[in-house]
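Every number in this text was worked out from the coordinates using simple rules, so none of it is lab data. Note that the structure is predicted; figures quoted are calculated from it, not measured. Please note: Cβ atoms are built from the backbone with ideal geometry, for glycine as well, and neighbour counts cover all protein chains shown.
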Amino acid sequence: MTQASIRRNGVETRYPPDPLGSPMWTYHAKTVFGEDRVSFDPRVKLSMPDLAENQHCFPVALDAREIGDVRRMVIMADLNPIPLAVDYRPLAGAPYLATRIKLDQRTPVRGAVQRADGSWLVHGGWMDAAGGGCSAPPASRVKGDWAQHLGEMRGAAWPTGPDGTARTRILIRHPMDTGFVPGIPTYNIETLSLTSSTGTVLGEMDIWASVSEDPAFTIMPRAGMGERLAIAARDSNGRDYHASLIVGGGL
Amino acid sequence: MRVSRRTTLAGLVAAPLVAPVMSRAAAPDYTITPTPVADGIWMITGADEGIAFDNGGAIANITVIATPAGTVLVDSGPSLRYGQRLKHVAESLTGRSVVRVYVTHLHPDHGMGIGAFAPEIVAALPGTIAGMSRDGQGFSDQMYRLLGDWMRGTDLALPGKTIGGDEEDFGGRRLRLLALSGHSAADLAVLDEQSGTLIGGDLLFHDRAPATPTADLARWRQSLAALDALGHKGAIPGHGPYDGTGRQAIAQTRAWIDWLDTALTEAVRGGMDMVEAGRMVIPEQLRNMASGRYELQRSVSHFYPMLEAKLLPRVDQS
């Protein structure tokens, strides 16, 4: 295999050959990584089940705690019509992100993390999936009750121990419409942020409609026992959602 | 990564696609080997795997019962071709035509072979027929995607006879029909009174982890208790080997779903995400059940979002 090479704004950029052999690797690499340095690295732990039981709700966890100085974490699926799912900046805390995405067909699923020096480390694998994860209506649209529950948020935060982070889980009721279902335009959560009680932004993320209906996120911001965390999210209609939870607050 | 034809195809997407898409060779015929388990009863053992091209979808156990009135089948396999082969094998074995085919529940590995039989001899519970009419086309699409040529000619067929009574007599050989639920909304179990053989459908998994895509675990427990009280001798599970004790498959299925229920609840309470929950340690005493990791990960997908919605507190401020 030869190294893929592209010319952009007159500058030649090289990406390493894709171990997954994805037909979209160079295309997506240009969009996501631009001219940054990129390498494949198994320390970027992208975990997923061995099978996609539900192509509408496929769990993915990206753990870059072995790498340390991580400033961005991206989860993407090359052959999805909306390839990006989440772009997370763990501003204070451990670089860990878990969520659930839609799979529209068999595709590489990747995690990419950017270090403080601007370089990217990438890892992932192929996942087989039945078609239509992005083009079937969400369950709440079929049931018709999505508007009654829109923006309901559930969550909790568990202190994780010596590193001073709290495992924080956030779930939001939202149809996350992809725009590929006839008659239903794109409608999705676009941003989410987590703020400490002193007003420090601990983490923020951009979110695409390839994230599953009723998005769920697990992150590990720096937060101590008893601390109150504020969550703010906004969707593509400009609607704001707010929640707050206390670390170790119990279930 | 395992290299498969799909991988190759996916890699070709960007290149001019000259190879025909359906290049996978026509499947050989199914090998159907009935094993005698009681007087006039044979079991055809399915592969202890998920539905995959390599097994042609033949993963469910099928039962053949010889009666004075003709041959009775419990379940029909995954495809028309399987059903046709099954009919031939069963009729050669007993020397009598198939007069009844029971479909134990809606899942495609049990009921998509019924196209090989006249609809009026195919019987199922009302809830099974309703489930097949609702989900059958979706199941069929999935089966074609996974099995390709094995499925050739298979159309969605529905049982033509709704089970109303609780027994059927075939020239003196009486079969008790138990309308239960839990693995799905309607699960049929059949008890052959003459031999004391229980045919449990997918209420029973033996040395094989239970599958839960349509399960209600509380009802499943009730159904297992009902089966446990039957006083039968041997049991034919829906998946896994014949259970000569008649009790072991019941105990194993119960142990797995009890563990699953507790483990998933604790995982949600402990803050695990779905990927982590699918990787949790399976207890030592359940590791003898085949496909344990596979079924656990499927079960996480089936139950986790529902458990989160039940167990995690509301935190929104409106």
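So how do B:121, A:101 line up by other beta-carbon neighbours within 10 Å, fewest first?
Result, fewest neighbours first: B:121, A:101.
If you put +1 on each Lys and Arg Cβ and -1 on each Asp and Glu Cβ, how big is the dipole of the range A:102-251 around its Cα centre, in Debye rounded to 20?
Charge dipole of the range A:102-251: 220 debye, to the nearest 20.
Pull out the extension gain between residue B:52 and residue B:314, defined as 0.36 nm times the separation in residues minus the alpha carbon to alpha carbon distance; nm, one decimal.
90.2 nm
Of the trypsin sites (Lys or Arg not before Pro) in the range A:26-58, which ones lie in a loop per DSSP and count no more than 16 other C-beta atoms within 10 Å?
Qualifying residues, ordered by number: A:37, A:43.
For chain B, what is the relative contact order in percent, using Cα pairs closer than 8 Å and at least 6 residues apart in sequence?
Once divided by the residue count of chain B, the mean separation gives 13 percent.
Where in the range A:45-75 does the label zone of residue A:163 land, with the point 7 angstrom along Cα→C-beta and an amide N cut-off under 17 Å?
A:45-47, A:61-74
In terms of Cα to Cα distance under 27 Å, which lysines are near enough to residue A:143, apart from those fewer than 8 places away along the same chain?
A:102, B:310
Which residue, B:40, B:234, A:216, has the largest displacement toward the positive end of the dipole of the protein assembly as shown when charges sit on each Cβ (Lys, Arg +1; Asp, Glu -1)?
A:216
Straight-line reach from residue B:233: which aspartates and glutamates fall under 16 Å, measuring Cα to Cα and dropping same-chain residues less than 8 apart?
Candidates past the 8-residue exclusion: B:39, B:192, B:193, B:243.
If you build a Gaussian network model of chain A, linking Cα atoms that sit under 10 Å apart, which residue out of A:87, A:36, A:50 swings the most?
A:50
What relative contact order, as a whole-number percentage, does chain A give when Cα pairs under 8 Å and 6 or more residues apart are counted?
18 percent
Can you say what percent of the DSSP beta bridges in chain B, counting only those with both residues inside, are antiparallel? Round to 5.
Restricted to chain B, the bridges split so that about 65 percent are antiparallel.
Using the count of nearby Cβ atoms within 10 Å as a rough guide to exposure, how do B:133, B:195 rank from fewest to most?
With the fewest neighbours first, B:133, B:195 line up as B:133, B:195.
Just tell me how shielded A:47-60 is by partners: mean number of partner chain Cβ atoms within 10 Å of each residue's Cβ, no decimals.
Whole-number average of other-chain Cβ neighbours for A:47-60 is 5.
Grab the DSSP H runs of the protein assembly as shown that are 4 residues or longer, score each as -39,500 (n - 2.57), total them, divide by all residues and round the 222 nm result to the nearest 500 deg cm²/dmol.
Taken over the protein assembly as shown, the calculation gives -7000 deg cm²/dmol.
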